[in-house]
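Working notes for the structure below.
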């Protein structure tokens with residue numbers, strides 16, 4: 001008789017129940033099956049062997065699950081610690097930002113960051129419009145790739161753009177043109193200029209110590225700009241401009257290199273004003289001594305077109321633009337000499353009876369001395385320019401827009417640009433708009449020069465220039 005005929009492997013013992021295989025009270029290392037099952041498996045029962053393998057697999061899964069739970073618990077501790085330190089760092093950053101609120105920090109860092117809270121009425125594009133593509137950076141428009149022997153006078157190639165395009169026409173100099181000009185200006189000021197300027201427009205120091213520097217300086221041909229205050233004074237109304245020489249240099253460049261110039265002109269700089277006023281004081285003090293007017297004088301060099309970058313001989317021009325400072329009034333005006341008419345026009349943005357008298361007095365050195373200098377040059381006669389020793393007539397231009405704050409420098413620059421473009425001067429100026437425009441144009445142009453390493457022909461040495469070392473040895 002088979003002793004296991006009536007044996008059921010799943011039957012529990014009446015004396016003592018075996019420990020459950022998943023019981024937590026079972027000591028570690030103790031067998032998970034009952035003695036009866038062990039004896040049955042050792043006796044070769046197939047059902048017991050199958051059950052034993054199943055129990056082994058369940059134990060392995062339990063151990064793996066327990067290990068994974070322990071690892072997950074450790075990771076959660078690490079994550080909680082990281083979140084705690086992050087929250088603490090954010091709290092410290094907010095505290096530091098509150099302490100520096102209202103102070104301009106490290107700005108003008110050449111990053112195109114949009115400032116949504118900038119207090120300008122920036123036109124928002126609708127979501128249905130396609131995004132504007134950034135214009136490609138052109139190479140130097142003044143660069144001539146022809147051999148030195150065949151190189152001609154540099155010309156600007158001006159490309160016209162259809163009205164349905166939003167791209168920039170050309171970066172040939174800061175006084176570029178746009179198809180949708182003012183929308184682009186506001187967008188660009190929001191991108192490039194808003195981050196750079198404080199709204200404290202009437203303060204001399206609006207930057208933290210050491211944060212006002214531009215390294216490396218922006219190169220503008222006649223002058224390097226190494227401080228952010230240069231752009232601050234240019235961008236915000238109510239501040240006197242300190243950049244006439246740079247602005248008028250690029251106005252000369254615009255007229256000289258234009259493919260079809262609308263008017264033949266040149267300009268002077270602030271040094272010319274100081275030079276001719278100093279000579280006039282000496283001329284009056286010495287009872288109008290004509291021996292002071294010589295071809296070797298600095299004024300004569302200006303007339304020859306040799307004293308300034310991008311200068312032109314005056315006998316080849318019809319008009320000369322002057323920067324004139326009324327020292328008694330601390331006020332700037334624009335003077336324009338019409339050589340053919342022998343008449344000097346005076347553009348004043350702050351016209352009153354008293355100031356008109358001071359403006360005419362400030363124009364006297366030009367009206368009195370320049371006819372004597374013109375008489376020293378035969379080129380004026382060859383060009384059929386009238387030559388006479390009588391003083392020029394000074395005429396005030398009426399109907400000009402008038403300033404309401406300390407914006408005379410901006411008005412001077414705009415009067416000159418309107419004349420160069422041969423456009424009528426509007427009776428009312430939006431000074432903030434025009435200041436925005438100048439600031440964006442010059443900042444964008446300086447960044448383009450810095451990135452593309454380009455220079456105009458007047459700013460860079462000639463390509464065919466070879467130093468003559470024998471001159472230094474002789």
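The values are calculated or read from the model by the stated rules, or taken from the named source; none is laboratory data. This structure is a prediction, so every number in the text was calculated from the model and none was measured. Reconstructed Cβ throughout: ideal geometry from the backbone, glycine too, with neighbour counts over all protein chains shown.
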Expected single match for part of a helix (DSSP H, G or I), under 17 Å from residue 400 (Cβ atoms) and in contact with a strand residue (DSSP E or B) (Cβ under 9 Å, 6 or more places away or on another chain) among 333, 360, 323 is 360
Scanning region 388-408 for residues that are farther than 30 Å from residue 435 by Cβ and surrounded by fewer than 16 Cβ atoms within 10 Å (Cβ to Cβ) gives 388, 389, 390, 393
Practice task
Kindly establish whether residue 315 is in a helix (DSSP H, G or I) and buried (at least 16 other Cβ atoms within 10 Å of the Cβ).
Solution key: yes
The residue that is surrounded by the fewest Cβ atoms within 10 Å (Cβ to Cβ), considering only those in region 298-309 that are part of a loop (DSSP other than H, G, I, E, B) and in contact (Cβ under 8 Å) with a residue 40 or more places away in the chain, is 309
Report yes if residue 262 is loosely packed, with under 11 Cβ neighbours inside 10 Å, in a loop (DSSP other than H, G, I, E, B) and modelled with pLDDT under 95, otherwise no. no
Per the filter on region 336-357, residues under 20 Å from residue 407 (Cβ atoms) and in a loop (DSSP other than H, G, I, E, B) are 348, 349, 350, 351, 352
Those helices (runs of 4 or more DSSP H) completely within region 392-474 that have 2 or more residues that are within 29 Å of residue 260 (Cβ to Cβ) and modelled with pLDDT of 85 or more are 408-420, 431-452
